[in-house]
Amino acid sequence: MPNISILIANKYFLTNYAISCILSKIKGIKITGVHIDKLFDEIEIRKPNIVLLELEKVKVDIFFLLKLIKQKYPQLKIIVLSDLSDINKARKLLSADLDGYLDKSVTKDELRTAAIKVYKGEKFYCQKVSEILKEMLNTQNEAPILSKRELEILNYIAQGLSNKEIGEKLFLSEYTVLTHRRNIMKKLKVNSTPQLIIKSIKHGYINID
């Protein structure tokens with residue numbers, strides 16, 4: 001096995017240590033764990049093949065961070081380790097076109113396999129991520145297309161605004177908002193606002209925090 005240099009970036013020392021212990025079983029691998037705040041400095045110093053980012057509770061815009069890494073180091077392989085139970089967060093991460101995606105439920109064997117496959121230029125998804133991808137594909141196949149205006153109104157509906165309040169925000173008449181609302185419900189094949197919200201979340205149109 002050729003030498004693999006992996007930089008593990010995380011907020012917590014113990015997480016870095018645990019991942020390092022698992023990956024150290026691979027012959028010819030060199031592992032360094034760093035705090036996420038020192039990521040770019042360590043990339044310059046260590047020149048790793050792979051960066052493994054554990055992104056939970058990191059106080060940065062993770063999507064901006066990923067984009068910045070790709071821009072500055074286009075040859076660098078990136079594996080993300082994150083809690084992907086939030087389907088909307090999973091959608092965003094999976095659309096980032098990275099090299100490896102691991103859920104926090106990843107096994108030791110999957111973690112080691114990810115390092116080897118990504119080093120070889122292959123993509124790797126752990127079992128949980130593969131299930132999410134399949135669910136996303138099924139959802140996309142079922143989801144109707146909503147216009148930009150319909151999506152705007154849908155998000156305001158999710159916030160609990162009335163047709164009149166939505167109209168005031170979008171400079172539309174209450175009747176126009178009602179018409180859009182009926183069209184959205186028709187497209188999503190629902191008969192009530194609660195059903196509308198549930199189905200919109202399922203299709204990823206809205207994100208309720």
Open item on the list: Computed from the coordinates I sent, mean projected area of the Cα convex hull in nm² equals one of [x] 14.8; [y] 11.4; [z] 13.4. Tell me the label.
Closed with: [z]
TODO: Quote the relative contact order of the chain in percent (integer), defining contacts as alpha-carbon pairs under 8 Å separated by 6+ residues.
DONE: 14 percent
- [ ] Name the lysines eligible as straight-distance cross-link partners of residue 30: C-alpha to C-alpha under 21 Å, and not fewer than 8 places from it in the same chain.
- [x] 11, 38, 47, 77, 108, 117, 120, 123
TODO: Determine the dipole magnitude for the chain: charges of +1 sit on the beta-carbon of Lys and Arg, -1 on that of Asp and Glu, nothing else is charged, the reference point is the Cα centre, and the result goes in debye to the nearest 20.
DONE: 400 debye
TODO: Identify, among 155, 198, 80, the residue whose Cα sits farthest towards the positive end of the charge dipole of the chain, taking +1 on the Cβ of Lys and Arg and -1 on the Cβ of Asp and Glu, with the dipole about the Cα centre.
DONE: 80
- [ ] Could you pull out every residue, at least 5 positions away or on a different chain, whose amide H is within less than 5 Å of the one on residue 51? Hs are placed 1.01 Å off N in the peptide plane, and Pro or chain starts have none.
- [x] 7, 77, 78, 79
TODO: Quick one: order 21, 126 by neighbouring beta-carbon count within 10 Å, fewest to most.
DONE: 21, 126
Task: Charge tally in the Cβ shell below 12 Å around residue 195, where Lys, Arg are +1 and Asp, Glu are -1, residue 195 excluded - done: +3
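Give me the number: length gained by fully extending residue 5 to residue 131, i.e. 0.36 nm times residue separation minus the C-alpha to C-alpha distance, one decimal in nm.
Extending this stretch completely gives an extra 42.5 nm.
Since every read-out is calculated from the coordinates, none of them should be taken as a lab result. Predicted, not measured: the structure shown is a model, and the values here were computed from it. So basically every Cβ, Gly included, is an ideal-geometry build from the backbone, and we count neighbours across all protein chains shown.
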